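The values are calculated or read from the model by the stated rules, or taken from the named source; none is laboratory data. Remember, it's a predicted structure, so these values are computed and weren't measured experimentally. Counting neighbours? That spans all protein chains shown, and the Cβs are built from the backbone with ideal geometry, glycine included. Ligands, DNA and RNA are excluded from the accessible area calculation, which covers all protein heavy atoms including side chains. Shrake-Rupley method; radii C 1.70, N 1.55, O 1.52, S 1.80 Å.
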Amino acid sequence: QGHLVESGGGLVQPGGSLRLSCVASGIIFSRYAMSWYRQAPGKEREFVATITSHQTTNYAESVKSRFTISRDNAKDTVYLQMNSLKPEDTAVYYCKGSWYTYDEWGQGTQVTVSS
C-alpha cells in the first residue's frame, strides 16, 4: 500500500511564493500520474495541477501561469511551485497518485496567504 506525505505549506504574504513537496513510498512512483488538489474552508476539494508519467502537465485555469508542477522520479517526489500567491489560494493542499483505477492521497498541507 502506498503512502504520500506532503510538506512545504505555511503562511505567506500575497504575492509571495511557496514550494510544496510530496514524497511517495510503497508505490512504483514513475508509473503514477501525480496531482495536486486543494480544499478551502467550506468548499469542495478542487483540482489544481497534474503531471503524467510522461511529464505531460495540466493546470486549473485559476493557477495557470502562476503554479508549476514537476516531478523527480529518482526521489519519488512531486513538487508544486506556487508564485504570485493570492488570498484565494488559501487551502489545504493534497497530493494524489493515480495508476489505472487506484488512487492514493496524502494527508494534506496547509497554505495560508494573508498579510
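The criterion of being at pLDDT below 95, aliphatic (A, V, I, L, M) and either assigned to a loop (DSSP other than H, G, I, E, B) or out of contact with any helix residue (DSSP H, G or I) (no Cβ under 8 Å at 6 or more places or on another chain) (or both) holds for residue 27. Inclusion of residue 50 among residues that are open to solvent by 50 Å² or more (accessible area, probe 1.4 Å), assigned to a strand (DSSP E or B) and among the hydroxyl-bearing types (Ser, Thr, Tyr) is not warranted. Scanning the stretch 87-115 for residues that are in a loop (DSSP other than H, G, I, E, B), more than 15 Å from residue 24 (Cα to Cα) and either open to solvent by less than 20 Å² (accessible area, probe 1.4 Å) or in contact with a strand residue (DSSP E or B) (Cβ under 6 Å, 6 or more places away or on another chain) (or both) returns a single hit, 90. Residues in the stretch 68-83 include none that are under 22 Å from residue 113 (Cβ atoms), in contact with an Asp or Glu (Cβ under 9 Å, 6 or more places away or on another chain) and small (Gly, Ala, Ser).
Residues considered: 50, 56. Of these, the only one that is over 12 Å from residue 96 (Cβ atoms) and among the hydroxyl-bearing types (Ser, Thr, Tyr) is 56.
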